[in-house]
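The values are calculated or read from the model by the stated rules, or taken from the named source; none is laboratory data. Values in this document were obtained by computation on a predicted structure and should not be read as measured data. Note that each Cβ is placed from the backbone with ideal geometry, even for glycine, and that neighbours are counted across all protein chains shown. Areas reflect the complete protein model, heavy atoms only, side chains present, ligands, DNA and RNA absent. Shrake-Rupley method; radii C 1.70, N 1.55, O 1.52, S 1.80 Å.
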Amino acid sequence: MFSLQLIFISLLFLQTQPNAQQEKILPTWIETESTADQFVVKTEEFATHFAATESLVPASKTNLTNWAATNYGEDCRPIIDAIPLEDIRSLIKNEHVHKFRRDYDVETAKRLEADHDDFYVGYVLMRIDRSFREQIEQRLSQLRLKNRLGKVLIAAIFCLGLLGVFWGYLFTTKLTRGFYISRLRWLAGLCIVALLLVCYTVYQLLF
């Protein structure tokens with residue numbers, strides 16, 4: 001009789017313990033469908049809980065950059081890259097670091113001297129609010145205006161410089177009565193190359 005009671009208590013104890021399947025249950029919000037205003041971020045696999053936790057915000061920023069590029073264009077990526085991580089954290093509504101178990105096959109288990117290993121994956125629910133959208137749209141508008149003005153400036157420098165080179169070439173040709181036309185052509189070519197280098201330098205500084 002005592003042995004039957006002991007067996008019953010043991011079975012009851014085992015049923016109340018979390019099994020491997022129960023340990024793999026994830027929060028329900030992880031199954032949230034992606035929309036224009038919210039999406040779930042999944043990190044890579046990490047060996048420690050701390051490493052997975054530390055990766056939550058950087059992974060969220062990377063996914064936010066992709067979201068912005070999809071919704072506003074590729075030129076929006078630098079704007080997200082310039083946003084501090086603290087501002088990215090304000091968009092996180094839920095976060096969870098989950099522990100999984102990976103069972104090894106016999107050969108791997110023998111080599112590593114372990115039959116399984118634990119790894120950690122982070123999950124983040126991000127929700128884009130209206131103020132953040134307005135902030136992105138305002139910065140993107142300023143960036144595109146700056147880019148347009150920069151391109152106009154470079155085009156103006158090139159056109160004015162080219163006109164200056166041609167005017168100088170014609171003026172000096174007339175002044176020298178064509179005696180040094182070969183040298184003047186070489187000089188005009190060097191001036192055009194120098195003009196291209198100036199435009200390229202300005203482009204690099206602006207963009």
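Is there any pair linking a residue in segment 25-40 that is in contact (Cβ under 8 Å) with a residue 12 or more places away in the chain to one that is open to solvent by less than 50 Å² (accessible area, probe 1.4 Å) and part of a helix (DSSP H, G or I), with Cβ under 6 Å and at least six apart or on different chains, and which?
Correct list of pairs: V40/I30.
Of a type outside the set (G, A, S), open to solvent by less than 50 Å² (accessible area, probe 1.4 Å), in contact with a strand residue (DSSP E or B) (Cβ under 9 Å, 6 or more places away or on another chain) and part of a strand (DSSP E or B) - does that describe any residue in segment 55-65? It would help to see each step written out before you state the result.
To start, the set of residues in segment 55-65 that are of a type outside the set (G, A, S) comprises 56-58, 61-65.
Among the residues that remain, those that are also open to solvent by less than 50 Å² (accessible area, probe 1.4 Å) are: 56-57, 61, 64-65.
Subset that is in contact with a strand residue (DSSP E or B) (Cβ under 9 Å, 6 or more places away or on another chain): 56-57, 64.
With part of a strand (DSSP E or B) added as a condition, the list becomes none.
No: zero hits.
Scanning for something outside any helix (DSSP H, G or I) and either within 21 Å of the chain's Cα centre (by Cα) or under 19 Å from T35 (Cβ atoms) (or both), does segment 129-139 turn up at least one residue? Talk me through it step by step, then tell me what you get.
Keep residues of segment 129-139 that are outside any helix (DSSP H, G or I), which gives 129.
Add one more test, that the residue is either within 21 Å of the chain's Cα centre (by Cα) or under 19 Å from T35 (Cβ atoms) (or both), and what stays is 129.
For segment 129-139, residues outside any helix (DSSP H, G or I) and either within 21 Å of the chain's Cα centre (by Cα) or under 19 Å from T35 (Cβ atoms) (or both): present.
Find the residue count for segment 134-186, including only residues that are within 19 Å of Y200 (Cβ to Cβ), surrounded by 13 or more Cβ atoms within 10 Å (Cβ to Cβ) and touching a residue at least 24 places away in the same chain (Cβ under 8 Å).
9
Being aliphatic (A, V, I, L, M) and within 30 Å of T35 (Cα to Cα) is true for just one of L190, L145, L195, L163. Which residue is that? Give the steps one after another, and end with the answer.
Numbers: L190 fails: within 30 Å of T35 (Cα to Cα); L195 fails: within 30 Å of T35 (Cα to Cα); L163 fails: within 30 Å of T35 (Cα to Cα).
That would be L145, the only listed residue that is aliphatic (A, V, I, L, M) and within 30 Å of T35 (Cα to Cα).
Please count how many residues of segment 66-99 are in a strand (DSSP E or B) and either among the aliphatic types (A, V, I, L, M) or open to solvent by less than 40 Å² (accessible area, probe 1.4 Å) (or both).
Within segment 66-99, the subset in a strand (DSSP E or B) is 92-99.
Going one step further and asking which of them are either among the aliphatic types (A, V, I, L, M) or open to solvent by less than 40 Å² (accessible area, probe 1.4 Å) (or both), we end up with 92, 97-98.
Total meeting the criteria: 3.
Scan G122, G178, G168, G164 and give me the residue that is over 39 Å from the mean Cα position of the chain (by Cα) and outside any helix (DSSP H, G or I). Even if it seems obvious, please write down each step before you answer.
Details: G122 fails: over 39 Å from the mean Cα position of the chain (by Cα); G168 fails: outside any helix (DSSP H, G or I); G164 fails: outside any helix (DSSP H, G or I).
Answer to the check: G178.
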